[in-house]
Amino acid sequence: MWTFIHIIDWLLWIFIAPSVMYVSFYALVSLFPSRTSKHKYQTSDIKHQTSTFLILFPAYKEDCVIIHSVQQFLESSYPKELYHIGVISDHMQEETNERLRKLPISILTPQFKKSSKAKALQYAIENTDKLYDYVIIMDADNVVLPEFLEQVNASCQQGYQAIQCHRCAKNCDNDVAVLDGISEEINNTIFRKAHNSIGLSSALIGSGMCFDYKWFKENVYNLTTAGEDRELEGLLLRQGKYIHYEADIHVFDEKVSNKENFQKQRLRWMTAQIQSLFNMLPYIPKAIITGNIDYLDKTIQQTLIPRSMLIVFTFMFAFLVTLLSWQWGIKWWLLFLFICLSLYVSTPKKLRSHSVFGKIVSLPELVWKMVLNILKIDHKNTDFIHTTHNK
């Protein structure tokens with residue numbers, strides 16, 4: 001009986017430990033200075049002093065936030081003739097559409113029977129005749145500073161074909177929103193800053209993304225799931241294209257502020273993660289043969305256990321196993337220590353306050369909702385899971 005329990009103990013540890021070690025490694029990497037990236041594509045015809053941009057706002061039932069976001073973007077200090085905003089209005093109210101039509105933008109109103117962000121982006125590109133240098137993808141609730149396009153343009157002049165801007169929280173009105181914002185910043189540290197610092201590609205995040213327009217137009221029709229950002233990552237990395245992270249170019253994003261929206265958001269993310277893993281696995285042999293470390297690393301990311309679950313699970317197993325045998329429990333307490341230290345150093349200093357860490361009491365319930373999501377994951381499901389915004 002004790003032998004059986006010990007085997008189960010080790011199997012669980014072996015299952016969880018790789019995720020902790022992955023996060024710990026990149027948390028450590030983030031403490032060291034970044035090296036200058038060598039992953040720039042060289043071509044003589046892209047070195048414009050000022051690039052032209054198409055900014056796309058896919059908006060599914062986003063009546064309460066889209067107008068404010070667009071109005072904020074129109075305050076850009078970038079030359080007006082060099083950028084254009086397109087809103088893909090999907091199932092929004094006619095009153096909202098009429099207000100949008102009064103602004104100097106384009107508004108598209110597709111009638112999707114089955115909506116998704118990927119379909120909205122495909123529809124927008126299909127209905128855009130003018131050629132641009134770059135396309136920027138925003139969420140309906142995103143707002144930016146007036147100098148945003150000038151900053152993105154400066155980055156584009158370095159020759160990057162794919163750029164992920166620094167998405168950060170614009171609201172911290174309750175415990176859930178604060179924890180969601182901290183989670184985003186930890187992601188920025190581990191999956192973006194740390195990866196770039198050792199020459200690997202940043203992860204994409206769904207908005208605040210900038211792509212070479214020609215590349216995006218050629219590849220957007222390959223998107224088929226609700227995890228379009230992960231699909232874009234896979235396409236870029238299979239083609240050997242580097243994703244650059246701009247930590248100093250901010251995109252302010254509304255964080256989920258109630259537990260129901262948190263659960264729906266995480267279900268969408270977890271489903272997209274599983275779908276991405278299935279999509280990426282067939283290309284692993286080629287990545288190994290060609291030495292595509294970026295692609296292999298990205299595939300490993302799709303197997304990681306969510307960090308909030310790691311905190312709760314490692315503590316829970318450490319406590320329970322220690323009750324059986326303190327010697328058995330040591331390896332679990334080490335995992336718990338590693339994940340806690342890793343998340344601490346990955347959290348920006350301004351967020352490491354007592355008031356913030358006091359909000360962790362909400363974490364167990366949120367993790368329980370994520371566990372319940374596991375039962376709902378369907379890797380074949382492409383339905384768009386919408387989260388509502390506060391008015």
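Results, tabulated for the structure shown:
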| quantity | calculated |
| --- | --- |
| Count of region 323-381 residues which are modelled with pLDDT of 60 or more, part of a loop (DSSP other than H, G, I, E, B) and surrounded by fewer than 16 Cβ atoms within 10 Å (Cβ to Cβ) | 4 |
| Boolean, Ala140 is out of contact with any helix residue (DSSP H, G or I) (no Cβ under 8 Å at 6 or more places or on another chain) and of a type in the set (A, V, I, L, M, F, W, C) | no |
| Top-ranked residue of region 57-109 - restricted to ones that are assigned to a helix (DSSP H, G or I) and among the polar types (S, T, N, Q), ranked as nearest to the chain's Cα centre (by Cα) | Ser69 |
| Residues of region 1-22 satisfying the condition of being within 14 Å of Thr314 (Cα to Cα) and of a type in the set (A, V, I, L, M, F, W, C) | Trp10, Leu11, Leu12, Trp13, Ile14, Phe15, Ile16, Ala17, Val20, Met21 |
| Selection within region 297-312 - among the β-branched types (Val, Ile, Thr), in a helix (DSSP H, G or I) and at pLDDT 85 or above | Thr299, Ile300 |
| Residues that are assigned to a loop (DSSP other than H, G, I, E, B), closer than 25 Å to Thr290 by Cβ and within 15 Å of the chain's Cα centre (by Cα), drawn from region 190-224 | Ser201, Ser202, Ala203, Leu204 |
| Members of region 75-89 found to be among the small types (Gly, Ala, Ser) and touching a residue at least 40 places away in the same chain (Cβ under 8 Å), listed by number | Ser76, Ser77, Gly86 |
| Residue, modelled with the highest pLDDT, within region 145-191, restricted to residues that are charged (D, E, K, R) and within 13 Å of Thr347 (Cα to Cα) | Glu185 |
| Unique match (being in a helix (DSSP H, G or I), touching a helix residue (DSSP H, G or I) at 6+ places or on another chain (Cβ under 6 Å) and either under 28 Å from Phe336 (Cα atoms) or modelled with pLDDT under 90 (or both)) among Phe278, Phe315, Phe319 | Phe315 |
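The values are calculated or read from the model by the stated rules, or taken from the named source; none is laboratory data. In this text the structure is predicted, and so the values were computed from the model without any measurement. Glycine gets a Cβ as well: all are built from the backbone with ideal geometry, and neighbour counts include every protein chain shown.
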